[in-house]
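The values are calculated or read from the model by the stated rules, or taken from the named source; none is laboratory data. Fair warning: this is a prediction, and the values are worked out from it, not measured in the lab. Because the Cβ atoms are built from the backbone with ideal geometry, glycine has one as well, and the counts that use them run over all protein chains shown. These area figures cover heavy atoms from the full protein model, side chains too; ligands, DNA and RNA do not enter into them. Shrake-Rupley method; radii C 1.70, N 1.55, O 1.52, S 1.80 Å.
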Amino acid sequence: MSAQAATVRHRIITASLLAVAALYFLAPVYWLVVSATKSSADLFGTFGFWFSAHPRPVRYLTDVLAYDHGVYLRWFANSLLYAGLGALCATLLSAAAGYALAKFPFRGRETVFGLVLAGVLIPSTALALPLYFLFSALGLADTYWAVLIPSVVSPFGVYLCRIYAAAAVPDALLEAARIDGAGEGRIFAGLGLRLMGPALITVFLFQFVHIWNNYFLPLVMLSDSDLYPVQLGLTTWIGYADRQPVLYQYTVGGALLSVLPLMVLMTVLQRYWRTGLTEGSVKA
């Protein structure tokens, strides 16, 4: 077999695998879009991957937003608060910790970094119950802080920022800034954060998606439905759907609306996100 034929065969196999992977990930989104145009009766009475005879997406999505005095909008705002503020704080803390580990040698630095790596391997669900007991003792359970404070810790973010800072922030540039009289805080804010930009966007995006999709921590921490994020609120709706079948349709419509922020973020930030991952892996 010639080299050209082998290359063509490899391209066909690669394209086929990518097509299967794309279909696997996009099929649920397509189903969600189609189902959001249907009534509760049509959800179970028509083919799942095609539209009903009378699609009314605007009316059904408006009903989702208006149900129970607009409680969905409150859950959506809570999710934006948890994910937006949590990801922003986690990014800044990860940047400071990663920069310090990369640029300031001290005794036990590698041990600290090893502990950070160990934190990457611990599943967040394993920490939810101990965190609940801790926050309950502090009187912070069932408050916004119970979800926000654990969300600002990102071991993966510290790991990525340390690797990126070690390669992307030259020591000679920091030394020149010190000679010019700049303090360490000003150097970090003026040089470090700018040079670490792609890594910071990557950390923010990963942490935003992680917090937005986090279901177990709010389930353990929160009992007041006014504090629920979208995912937890939709679960309560589906729990009552046997008595109120219209909640099946509202849950599907709410799920569709809940993925829109993630799609927008991925679309806007993907260029920086890919740059951060690629450079972080190459420069390690």
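Worth a mention:
- Computed lengthening from residue 243 to residue 66, 0.36 nm per intervening residue step minus Cα-Cα distance: 61.8 nm
- Sorting 89, 161 on solvent-accessible area from highest to lowest, probe radius 1.4 Å, gives 89, 161.
- Coordinate range along principal axes, alpha carbons of segment 75-123, Å, largest first: 45, 24, 9
- Distance in nm between pseudo-label sites at residue 223 and residue 17 (7 Å out along the Cβ direction from Cα): 5.1 nm
- Taking the three principal axes of the alpha carbon atoms in the chain, the coordinate ranges are 72, 71, 33 Å, sorted in descending order.
- Stretching the chain fully between residue 2 and residue 137 yields a gain of 41.5 nm (0.36 nm per residue, less the alpha carbon separation).
- For residue 268, the accessible surface of its heavy atoms amounts to roughly 90 Å² (probe 1.4 Å, protein chains only, rounded to the nearest 10).
- Carbon + sulfur, % of accessible area of segment 44-163 - ligands and nucleic acids excluded, 1.4 Å: 73 percent
- In range of the label at residue 51: residues from segment 23-42 whose backbone nitrogen is under 16 Å from the point 7 Å along Cα→Cβ: 30-39, 42
- Counting only protein heavy atoms and a 1.4 Å probe, the chain has 56 square angstrom of accessible area per residue.
- Of the chymotrypsin sites (Phe, Trp or Tyr not before Pro) found in segment 29-62, the ones in coil according to DSSP and having at most 10 other Cβ atoms within 10 Å of their Cβ are 47, 49, 50.
- 0 to 90° range, to nearest 10: angle between helix 86-103 axis and the chain longest Cα axis: 20 degrees
- All Cα-Cα distances of segment 157-277, cut into 10 Å bins from zero to the largest, leave 12, 28, 23, 18, 12, 6, 2, 0 percent in each bin in turn.
- Förster radius 30 Å - calculated FRET efficiency between residue 110 and residue 145 (Cβ-Cβ, nearest 0.05): 0.35
- Max mean-square fluctuation residue, GNM over the chain, Cα-Cα springs under 10 Å, options 95, 166, 199: 166
- Cα centroid of segment 228-266 to Cα centroid of segment 25-84, whole Å: 7 Å
- Expected 222 nm ellipticity per residue - DSSP helices of 4 or more, -39500 (n - 2.57), all of the chain, to 500: -25000 deg cm²/dmol
- In plain terms, the chain from residue 120 to residue 264 could stretch by 49.2 nm, reckoned as 0.36 nm per residue minus the Cα-Cα distance.
- Here the Kirkwood formula puts the hydrodynamic radius of segment 92-216 at 16.1 Å, using every distinct Cα pair.
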